[in-house]
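J.: Pasting in a structure now, in structure tokens, and then I'll have a few things to ask.
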Amino acid sequence: MILAGRLLIEPDQPPRLGWMGVAEDRIAEVGFGKPFATPDLGGEDHLICPGFIDAHLHIPQIEVAGCDGPDLLHWLERVIYPAEAQWKNHAFACRQIRLAHRRLLQAGTLGYAGYLSSHEHAPECLIKAASPPLRARVGQTLMDRGAPDGLLEPGRFDFDIPADGRIARSINPRFAVSCSDSLLAEVRRAVRDGVFIQTHLAEAPDECELVAGLFPDDEHYAGVYDRHGLLTERTLLAHCVHLTEPQWLLIARRRSVVVHCPTANTFLSSGLFDLDAARRHGVRLALGSDLAAGPDLSMPRVARAMIETAKVRAMTIAPDAYVPTPADAWRLITTGNAEALGWPDGGRLEVGAAADLLLLRPPFPVDDHLIARLLYTWRDDYIVNRIVAGHPIDCPPSEDTDP
Ligand code: GUN
Ligand code: ZN
């Protein structure tokens, strides 16, 4: 398959007119100028970019986006646990997975790291229902306390995954509030080479206080995970809004990834993420929608929110705050998140890279403001084609009536 258009290879450089040959699930050729054959998709008025990658979201929360809550802990209790409890029904869980994948596709998110519900059958539902086949690191949410009984099922660490490599298991202890020491120790024993760990850390002040009370012998919140050996290079730590200096130092030393979730932090009034601290400590950074605390599934909107959070800090509490450029933010939702999720072949336009691609046709000319305009005015209908694992996938606009 030949795709033609302006190739958005580096977000801080103008896109170059060119073409791409796709064979199986890979980019097989990249050329500049006019294609040697009639393209199957695209044309000179199209942009080609890598599909977006979301480094943190909750699949079972797909239908409660926008259900407001006063703060994290009350919102979990009133909105999220009841929503996740519905996954007890196998068929319901499968339908929700299909719905979530279609909405992600609609938004141009072709890869993600995320959570299923805590039900033992959730991973099987994903394997059965994951269509379109988005690239994913996923695991059952693990909890053994502090949630309704129906959500405290034993963890499955070993579910079968399809041979095509699109789905990888991760181990997802929800957060220290809902995981006892014995569960965290079990998680540690289950971690195998190459397996990612996903959890939440220091999202909201009340959560941090609760953890301090639950684990009084630990120096701090990050220390709870570290005592169990869970801060690794393959650990994704969502939020990290309320970290102390020793915690930043520890996370930097362990080379764990901090997943900034700006839309969620605003939605739940959790706080303003300190991007300067992350940069100062050289901490690895990724960006997540955190659906459904984040009401936006579209990663360009999340990227915009990262810039806006930094601007708000600069206008209020930190006049010298670093404000990311639109190109920085765009890079993070493509190449940056791919690297954080251990996909060196993802989020980029080059020979050998995964053919998870978007063809865009935004309603403005290609000029010096291209990336800024894409981010600040983003609409999913800028996307005219979605290529998943080398195949164009139709995306019907109305998709919520799955039987
Ligand atoms: N902390 C523990 N669980 C969750 C969740 O589902 N969403 C968010 N935003 N934070 C959490
Ligand atoms: Zn989350």
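The values are calculated or read from the model by the stated rules, or taken from the named source; none is laboratory data. In this text the structure is predicted, and so the values were computed from the model without any measurement. Please note: Cβ atoms are built from the backbone with ideal geometry, for glycine as well, and neighbour counts cover all protein chains shown. SASA here: full protein model, heavy atoms, side chains in, ligands and nucleic acids out. Shrake-Rupley method; radii C 1.70, N 1.55, O 1.52, S 1.80 Å.
J.: Could you check the stretch 138-183 and list, in sequence order, the residues that are in contact with a Cys (Cβ under 9 Å, 6 or more places away or on another chain), within 16 Å of ligand 2 (Cβ to nearest atom) and either under 15 Å from Phe196 (Cβ atoms) or open to solvent by 20 Å² or more (accessible area, probe 1.4 Å) (or both)? Show your work before the answer.
T.: So in the stretch 138-183, the residues in contact with a Cys (Cβ under 9 Å, 6 or more places away or on another chain) come out as 142-146, 173.
Of the ones still in play, those that are also within 16 Å of ligand 2 (Cβ to nearest atom) are 142-143, 146, 173.
Of everything in the stretch 138-183, those that are in contact with a Cys (Cβ under 9 Å, 6 or more places away or on another chain), within 16 Å of ligand 2 (Cβ to nearest atom) and either under 15 Å from Phe196 (Cβ atoms) or open to solvent by 20 Å² or more (accessible area, probe 1.4 Å) (or both) turn out to be Leu142, Gly146, Pro173.
J.: Within the stretch 294-308, work out how many residues are more than 18 Å from Gly66 (Cα to Cα) and among the aliphatic types (A, V, I, L, M).
T.: So the count comes out to 3.
J.: Can we say Met1 is open to solvent by 50 Å² or more (accessible area, probe 1.4 Å) and out of contact with any helix residue (DSSP H, G or I) (no Cβ under 6 Å at 6 or more places or on another chain)? Full working, then the answer.
T.: Values: open to solvent by 50 Å² or more (accessible area, probe 1.4 Å): yes; out of contact with any helix residue (DSSP H, G or I) (no Cβ under 6 Å at 6 or more places or on another chain): yes.
Answer is yes for this residue.
J.: Does the stretch 105-162 hold any residues that are in a loop (DSSP other than H, G, I, E, B) and of a type in the set (Val, Ile, Thr), and which are they?
T.: Initially, the stretch 105-162 is screened for residues in a loop (DSSP other than H, G, I, E, B), giving 107-108, 116-121, 130-134, 140, 143-148, 152-162.
Answer for the stretch 105-162, where residues must be in a loop (DSSP other than H, G, I, E, B) and of a type in the set (Val, Ile, Thr): just Ile161.
J.: Is at least one residue of the stretch 84-103 within 16 Å of ligand 1 (Cβ to nearest atom), open to solvent by less than 10 Å² (accessible area, probe 1.4 Å) and not in a helix (DSSP H, G or I)?
T.: no
J.: Of the conditions (1) more than 14 Å from ligand 2 (Cβ to nearest atom); (2) not in a helix (DSSP H, G or I), Ser270 clears all except one; give me its number.
T.: Looking at each condition in turn, Ser270 falls short on (1).
J.: What are the pairs, 6+ residues apart or on separate chains, where a residue within the stretch 177-198 that is within 16 Å of ligand 1 (Cβ to nearest atom) has its Cβ under 9 Å from a residue that is of a type in the set (Asp, Glu) and modelled with pLDDT of 95 or more?
T.: Val177/Glu207; Ser178/Asp144; Cys179/Asp144; Ser180/Asp144; Leu183/Asp144
J.: If you don't mind, another one. Please work out which residue is nearest to Ile53 (Cα to Cα), limiting yourself to the stretch 105-137 and to residues that are modelled with pLDDT of 95 or more and open to solvent by 10 Å² or more (accessible area, probe 1.4 Å).
T.: Arg135
J.: Restricting to the stretch 256-289, what's the tally of residues that are surrounded by 22 or more Cβ atoms within 10 Å (Cβ to Cβ), away from ligand 1 (no atom under 11 Å from the Cβ) and hydroxyl-bearing (Ser, Thr, Tyr)?
T.: Within the stretch 256-289, residues that are surrounded by 22 or more Cβ atoms within 10 Å (Cβ to Cβ), away from ligand 1 (no atom under 11 Å from the Cβ) and hydroxyl-bearing (Ser, Thr, Tyr) number 1.
J.: Of the residues that sit in the stretch 186-218 and are open to solvent by 70 Å² or more (accessible area, probe 1.4 Å) and charged (D, E, K, R), which one is nearest to ligand 2 (Cβ to nearest atom)?
T.: Asp206
J.: Take residues that are more than 18 Å from His260 (Cβ to Cβ) and tell me which of the helices (runs of 4 or more DSSP H) falling wholly in the stretch 315-403 contain 2 or more. Full working, then the answer.
T.: Numbers: elements: 326-331, 337-340, 370-377.
The qualifying helices (runs of 4 or more DSSP H) are 370-377.
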